[in-house]
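Structure first, then comments.
The values are calculated or read from the model by the stated rules, or taken from the named source; none is laboratory data. Small disclaimer: the values here were computed from a predicted structure and weren't measured. Note: ideal-geometry Cβ built from the backbone for every residue, glycine included; neighbour counts use all protein chains shown. Surface accessibility is based on the protein's heavy atoms, side chains included, excluding ligands, DNA and RNA. Shrake-Rupley method; radii C 1.70, N 1.55, O 1.52, S 1.80 Å.
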Amino acid sequence: NCSRFALTGFPGLEVDYLWLSIPFASIYAMVFLGNCMVLHVIRTEPSLHQPMFYFLAMLALTDLCVGLSTVHTVLGILWGIIQEISLDSCIAQSYFIHGLSFMESSVLLTMAFDRYIAICNPLRYSSILTNDKIMKIGVAILCRSSMLIPPVIIRLKFLNYCHPHILSHSFCLHQDLIRMACSDIRFNSIYGLALVISNLLLDAVLIIISYIMILHAVLAIASREERIKSLQTCVSHICAVLVFYIPIIGLTMVHRFGRHLSPWVHVLMGNVYILFPPLMNPIIYSIKTQQIRRRVFKCRKNLLM
């Protein structure tokens, strides 16, 4: 198990890697700058020191870490710096990628809970979501995302890998590693499935339930203008949920049922899964959240002056 694993870039486009690195480097730069901008705006603007924006800061920090966990292998391949990765590094990267995915799912669920309280119980909003409770929620999210994964990730170290050591992506995923193992992988398969069900699937179901309850409460509002105003506060979060879950579902389907598909499909879905949510979330919240948009324009004006 001292073996190394070949990273898959973009099959058939090896001669164009230098050109391909330009859009990818630009996307990573936008991911870092966009999420850092959201964090800076929330930190420096007193009017944004509210539960909704604290949760948004958690989402931006998670997206920033997702970019940091993959940038060295994706751009390393395109720049010709690396072509393979050691087992230990691969396991570590897999841990961070999956852990951050679970963390983002947990944050999105918490944001749905925040919107439910704000719309269905607005008079008790500030008393329910106090700074102390927000901190406890943040710690719970961190523990849930980081402490449940080690058993299945650590076991990767003790598997024997006898199949071709060629990864499907420019980064390491748990399901990709167990595909190359010739040891007994039942524990990894069952535990991994349980993690997905108890984290991603459960979170998705709870988010749907929260929005059913929100919709029920909104429809009970007499004024049409008030109904529209209440629903508009949820638009950004709904977009963030779709941006996160659609790529995950697509990548899962490709890994489960798409072995006969072109390697290009695997590469494309893998990069969409990693880069699309961190890229789009700052754009979504900057466009749809008036307080952030106003602050961003103010910062931009100050820089130009």
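Taken over the range 146-178, residues that are over 20 Å from the mean Cα position of the chain (by Cα), surrounded by fewer than 16 Cβ atoms within 10 Å (Cβ to Cβ) and not in a loop (DSSP other than H, G, I, E, B) amount to 5. Quick check on this structure: which one of Ser94, Ser21 is modelled with pLDDT of 90 or more and in contact with a His (Cβ under 7 Å, 6 or more places away or on another chain)? The match here is Ser94. Listed conditions (1) under 20 Å from the mean Cα position of the chain (by Cα); (2) at pLDDT 85 or above; (3) among the aliphatic types (A, V, I, L, M) are all met by Ile214, apart from (1). Per the conditions (1) among the small types (Gly, Ala, Ser); (2) touching a residue at least 40 places away in the same chain (Cβ under 8 Å); (3) more than 30 Å from Ala181 (Cα to Cα), the sole criterion not satisfied by Gly99 is (3). If you go through the range 221-237 one residue at a time, do you hit one that is open to solvent by 70 Å² or more (accessible area, probe 1.4 Å), within 25 Å of Cys65 (Cβ to Cβ) and basic (Lys, Arg)? No, because not a single residue in the range 221-237 is open to solvent by 70 Å² or more (accessible area, probe 1.4 Å), within 25 Å of Cys65 (Cβ to Cβ) and basic (Lys, Arg).
Return the residue satisfying two criteria in turn: it lies in the range 65-120 and is of a type in the set (Asp, Glu) and either within 12 Å of the chain's Cα centre (by Cα) or over 26 Å from Asn188 (Cα atoms) (or both), and of such residues it is surrounded by the fewest Cβ atoms within 10 Å (Cβ to Cβ). Among those residues, the one meeting the criterion is Asp114.
Taking the condition out of contact with any Leu (no Cβ under 8 Å at 6 or more places or on another chain) and buried (at least 16 other Cβ atoms within 10 Å of the Cβ), does Val254 pass? No. When the range 121-145 is filtered for residues that are without any contact (Cβ under 8 Å) to a residue 12 or more places away in the chain, outside any helix (DSSP H, G or I) and within 26 Å of the chain's Cα centre (by Cα), only Thr130 remains. Cβ-Cβ contacts under 6 Å between residues 6 or more apart (or on different chains), taken from a first residue in the range 285-296 that is of a type outside the set (Val, Ile, Thr) to a second residue that is buried (at least 16 other Cβ atoms within 10 Å of the Cβ) and outside any helix (DSSP H, G or I), are listed as Arg295/Glu45. Specify the residue that is nearest to Lys298 (Cα to Cα); the eligible residues are those in the range 10-22 that are open to solvent by 60 Å² or more (accessible area, probe 1.4 Å) and in a helix (DSSP H, G or I). Looking at residues that are open to solvent by 60 Å² or more (accessible area, probe 1.4 Å) and in a helix (DSSP H, G or I), I get Ile22.
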